[in-house]
Each structure stands twice: as C-alpha cells, then as structure tokens.
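Just so you know, all these numbers are worked out from the coordinates, no wet-lab data involved. Keep in mind it's a predicted model, so treat the numbers as computed, not measured. When we count neighbours, we look across all protein chains shown, and the Cβ atoms used for this are built from the backbone with ideal geometry, even at glycine.
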C-alpha cells in the first residue's frame, strides 16, 4: 500500500490530496495541466517539499512532517522518468545507464544492465552520445536508467508527452512489458486518456489540486459522476482472458471478467488463457431491445441499464450498463433513448463492432 | 636579447601571481557562483553587485581602499597584525589578496552563467539516481560546467596578468615580490628605456591575443546541456 | 590621463585660430610642485589676466607625452636632465630653460617624534618599510638613494625599501601608515616655513646632488604670450617668496 497525504500551496495553486493506492501495478495520476499531478509526483520523490506531508511506500515512510522526517530524494529508493529524458549530456548512453546503477548497493540490485537494455531495446545505442539519439530512444534510455537503480517505486512524469504519435507507439509496448515483467509499482502522470487506458490498473483523477476519484481503472472510467465519462474519449477498459482464436478470420474471443459473456476482437494471435486489455469507447456501443442476428456487428452482450446522464453534447445521452459484472458505457442520441424508453433496471442488448474494440 | 634578469623575474612573478590568484578564485568563486545561480534569496542582488564592483571601479579605487584597509590603521591590517602576520601591503600575499578581489567577477560571472545554463533538472535527475549533493557536484555540475571553468580560468589568469593600478597602489615596486610585468613596463617607460618597454609590452600583446584566441576558439567546441 | 575635455577644447581652438589661445597657458607640472603652483596660479592670473591650466604627473611620463604631441606649452620638470634632453632634441624654445626651484629632500613620518632632527632613525633601523620615489624615474628618489649610500646604509635598508612610482606615491605610502617613514619632497609637508604634520629630518643638501627643477617653454608655446608671462612671473620676486615658503631653495 502507498499512503500519500500532501498539502502545499503556492500563489494561485494549492495541492491537497489524501491517497491510499495499491502497492503494485500502474497507478495513473490523471488530470489536465495545472491539476497538480506533477507537483504530487515531485513531492513523493522529495524534489519538492510539501508543507504538510506524509508519504509511506509499502513499509517505508519517506516523509512525515509531523515528526519532522524528510528523507532526501537521493536516499529514496525510487526511479524517476522526466517528461524530457534529461540524459546527462557529458556522458555516453552506457555511462548514463551506469550512473544510478553504480550508486545502488549491490545487495539491492534486482535489475542488471543486460536486462534493462534488453527490456527497452537499447543494446545497440550504448556507445552513442545523447545528442545523437531520437526523442524516443532518449526516453527509453531515461526509463532504463531509472530502472537500473532497482527502484521500489517508479515515478513517470508524462514520459510520452514530448513525443509525436509515432514515437509514442514505439515506446508504449516497452511500457507494457515493464508492467508485465517487473514487479515494480509505478505512478504514472498523464493527461492522455489513451495512455492511461492502456497502461493503468488504478487511476487517480486530479483537478485543481484535489483528487476527485481514486479507484480501479475499469470501475472508475465507467463512473458517470466524473467528468471522464462526458468527454468524446469516454469509454471503459476491460481486462479479458483469451478463450479461443479463429485463425481464419483472425478473431480473438475474450471472456469478460466475472461474467459468462464473451467478446470477439480483431487481433493478432494470442494463446488461450492470456490476458488482454481492450478499450470499448462509449460512442462505439449501440443498444437494441432484441438480439439482432442478422447484422455485421459481432458482439451482442446482454446488459442491464444502471444509470443515465446528459452528455456534453445536448443531443446525446450517456448510459451506464452492467454486462454481468463488467461495466460498459454507451453514448446514444436522446432520440434513441426516448424510442427505446430507457430506464434503470431495463434489460437489453449492447452491440459492439469487433473492429471498434481497441486492444 | 634586450630583456634583463629584472624583466625575467618580473615575468616569473607575474605568472606566479596570476596562477595562484586563479586557483584561489576558482576555489572561492565556485561556491559564490553556485549560490548566486541557485538562490532565490533577497541577498542575491546585493551580493551579485558587490562581486561585479571591480568590473566598473577604477583599479585605483580598489588599490586606494586596499592600501588604507591593509595598512596598520585599517581593519584588515589590524586583523593581520593580530594574527601575527604584520601588514600585507608591499608583500606578495598582499598582491594576491588584491588580485583576488580585482579579478573576482572575471571568474564568478562565467561560472555563474555556466551553472545557470545547467539549470536544476540535471541536479534533480542526479538526486533520483541516488547521487548526494557532493556527488552531484563532482559528477554532474563540474563536468557540465567545464566550459565555464575554462573560460573563468583563462579570464581570471589573463586579467590578473593585466592588473596594474592595484599593484601600483599597494605593491611598492619590490623586485621578486611585487614588481610585476605591468609595473616593470611602466618603470621602463618612465626611465625612458623604450627598447625594454617595447619587448615586454609586445610580449603582453602577443600573450593577450593568444589567450583571447584560445577563449574564442574553445567557445565553438563547447558542449552544453540539452 | 593625457587629454581631458578642457584641453581638447583648447586644442580645437588652437587649430581653428592657427595659434594658441592668447589667454591660456597649458602647463605640465611635476607632481612635487602641485601645491606651490596652485598657490601661484591665483596671483599669476590676477596679475597678468592669463589663465593657467595645469596637469600634474611624473616627469618621465610627461617626457613621453610631450614627445608624442601633448599640447603643453610650458613644462615644470622635477629635474634638470629632462628639460635638457628635450632641448637637445629640439622640442623647446631655445634659451627658455631656467631653474625655477631647487628641491629639498626630507625624511618624514606622520608620527610626531618618530624621525629625529639628524636622521638617526635610519641607523637604528627599527622600521619595516622605508618609502622612496622610484630612483630611475624621480629625482627625489635618486637623491634618496644617494643619501642612503653616503651614510653607508644602502645594504642595510635594501630589503625595506618600497618604491612609489613618483614622489606623490612615496608620500602616500607614508601618510597612510603602510610605511613608517620615507623620503619625500619637503614641499609636500611644509608650509609657511614649518613642517605641518608629524616629524621630519630636513636632509642637508650636501648629502645628495642638487635637485634642480628646471622649467622650459615647449615648441607649442612658442607664440604664446601667456607662456612667456608665466615664465617671467616664475622668475619674479613674488613667486620666489611663495616657492620658498614651500621649502624649496632658489
């Protein structure tokens, strides 16, 4: 468990959060710029000092202002990835990577040079100088450098924000590998919902220095009482398990968590039993009173209406559905809502095009 | 060769003075520059202004006040006498102190610029990579500020070599102790020994040219933080 | 500095009218004669209607400046050899050279009673620094070394000598206390027939070559009535009284 209480104020900005976060997996600190995400991260690292703060990471207390405890940043076993990779310009890639490794006591080392370079695919860059690298390469080295200190917590401050979409998609798979292969809790600051949806297990929604919500990603994204649901990008993430693969049509069948329902997704082959996270955007979900057999839409899930609110566009409404324990969001027109006479508790069918499911 | 042994001892003394002054300035200038480049304190302005004073003050002003303060009735002179060192006017040590004050901004300002250009990010990165403050200073700040140190050393050395007014005021023109090249040239001119004056003065011009050449050539190859 | 604004103005005027300004005389004055010339200037200006513009400095420096076109019309040197040299080199008005004062050397300390009336303090040798003017450039410095040599003290005080670049600086080292005592020009510490401050030994003239201070009209002052008037004035009895009151001989 991580326990983070921070209070600090500058002119025109105040941060006041009290967070209890899981001690493993990726936790996203999500919010607009100016919401306090980066300040939060810097306080946890000790780069900034909250006037009133308490930071406990699993069984270690890093700051407790009540008792005057403040562990300086260089004594906190954390890794920090900055928005710009911030490699040392006077050192080669290899020396950059070795910088933190050298300063980590042998007994605490759990990541070695070979492992880190392999994990981030940077083995061929070791003798180069930072000036001669692309933005994406630099950022991968920045991540590897942080990992090589064998951190007990990895803090990432919008590591992809400075990159174009091509570089971003070049790095995202490496970040997913980190998540899957290393057991290091990550706090990931971002304002990009697609990154969060892909990487995070837990999300903290920050606004004006306060935490509006904190919870598992699937549940929190599907909450209608948060501003997340109203946007164009609104949707849910589903962590499914592969039950079958149709090689001919290149379609995966996923079992939804906690329900008998399955969903088919166009995807490269994966073995049965493997986990796959998919994102289903609210605008890609349509509703029907009957199961339409004669349709190109492959996925038809039996659902129950739980709640409904107005969307940001007054012609639309947002409907929250329960697919046997898995929450779904659907964005439909107000007209359709009236046609179907939607009301909470109503049972109907949610239809999702297999090509619209993002994996 | 029209240079006399007195000229050579003036040259040797000048090199000794400039080298020692530069080393002392690097040692005391680095923390001052580091502080000036990092602090948000109210004192930043006044301290920066004091450091820069020798840039604008005529050397005679510095020399005059040094003469008064290092003398037996001045505060500094009374302090050195209390320490048992006597007064430092007319001594090599006195010249070193004068030169350190006189050349201070030429060392502090390039260093300050170099430290400011580094910014705080590399220091934060170093801290998150387990480097403590001293470790960070030696393994990050020093190498990144190397061009600043080169510039500061060259300027500090060259400016001390070019020092005249302060030496004139507090030196007393003593061979091997305070008679540096610039004073020796002045002596030659006053004594109408133009040939010797030419040799020494010409050597100074050549020296100054190569110093500046080295400085401007090194600027091109400087490596900054990016 | 060599040229300041007012002198530039004079120079410009001279260029425009083809001759030096009739009412002004530019004088290069040896540093030791600073106080007397200031006292003399007022009565000179009152008596003749001319204006005296003085620059003070070291004789060697003035020589270099004059050789390089400085706009001085009259030169009051601290020695006799520099005006002689200028004359030999054709930079002066022939026949204008004369001795306007003979300097007196004094061993001085700002502390009362420190220097005795016979200069025994030198032999006791209980000081750390003895200030003199640069003997290579300043006649008073040369005279000081002659005094020390004649008394057999040269070696004894060798390591204690500090040199001012001119007699003014030699005085400054002593007056600020950095040197306990020093050889200065009597004119620097003397007014109205007595030493104004501290204690002094007025060095007998026999102990060194006479410090003859010569004046000369430079080529730039050839056609200047003011320059001629100044020279005449300096030779007159009124000036002699003032010069003597500052401790010079004539």
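When a/c is below 1.5 the answer is rounded, else prolate if a/b is larger than b/c, else oblate, so apply that to the stretch B:5-221 with a ≥ b ≥ c taken from the square roots of the Cα gyration tensor eigenvalues. Cα axes put the stretch B:5-221 in the oblate bin. In chain A, the DSSP-assigned H stretches of four residues or longer account for a calculated mean residue ellipticity at 222 nm of -6000 deg cm²/dmol, using -39500 (n - 2.57) per stretch and the full residue count as denominator. By the count of other C-beta atoms within 10 Å, a proxy for reagent exposure, C:157, B:27, B:161 are ordered fewest to most as B:27, C:157, B:161.
Working note: 222 nm ellipticity from helices only, DSSP H runs with n ≥ 4, each -39,500 (n - 2.57), summed and divided by the residues of chain C, gives -11000 deg cm²/dmol to the nearest 500.
Among B:178, C:82, B:89, sorting on how many other beta-carbon atoms sit within 10 Å of each Cβ, with the fewest leading, yields C:82, B:178, B:89.
For B:211, C:147, the sequence from fewest to most other C-beta atoms within 10 Å is B:211, C:147. The distance between label points at residue A:343 and residue B:9 comes to 11.4 nm (points 7 Å beyond Cα on the Cα→Cβ vector). Between the stretch A:295-351 and the stretch C:181-239, the alpha-carbon centres lie 114 Å apart.
By DSSP, what percent of the beta bridges with both residues in the stretch A:2-221 are antiparallel, rounded to the nearest 5?
Details: 27 of 44 bridges.
Looking only at bridges with both residues in the stretch A:2-221, the antiparallel portion is about 60 percent.
Helix C:139-150 and the longest principal axis of the C-alpha atoms of chain C enclose an angle of approximately 30°.
Counting Cβ atoms of other protein chains within 10 Å of each Cβ in A:149-157 and taking the mean gives 1. The label point for residue A:33 and the one for residue A:246, both projected 7 Å from the Cα toward the Cβ, are 4.5 nm apart. The distance separating the Cα centre of the stretch A:59-107 from that of the stretch B:13-28 comes to 38 Å.
Among the residues of B:163-171, the average count of other protein chain beta-carbon atoms within 10 Å of the residue beta-carbon is 2. First check a/c for the stretch C:105-202, with a ≥ b ≥ c the square roots of the eigenvalues of its C-alpha gyration tensor; if it is under 1.5, answer rounded, and if not, answer prolate when a/b is larger than b/c or oblate otherwise. Here the stretch C:105-202 falls in the rounded category. Here the sum of -39500 (n - 2.57) over DSSP H runs of 4 or more residues, divided by the residues of chain B, equals -24000 deg cm²/dmol at 222 nm, to the nearest 500.
The mean number of partner chain beta-carbon atoms within 10 angstrom of a residue's beta-carbon across peptide C:126-135 is 2. Each eigenvalue of the Cα gyration tensor of the protein assembly as shown, multiplied by 5 and square-rooted, gives one semi-axis; in descending order these are 91, 27, 23 Å. Could you please state, rounded to a whole Å, how far the C-alpha centre of the stretch B:47-116 is from the C-alpha centre of the stretch B:172-212? Spelled out, the Cα-based centre of one part sits 23 Å from the other.
Quick one: grab the alpha carbon gyration tensor of the stretch A:2-221, order the square roots of its eigenvalues as a ≥ b ≥ c, and give me rounded if a/c is under 1.5, else prolate or oblate depending on whether a/b is larger than b/c. Taking the square roots of the gyration eigenvalues as a ≥ b ≥ c, the stretch A:2-221 is prolate.
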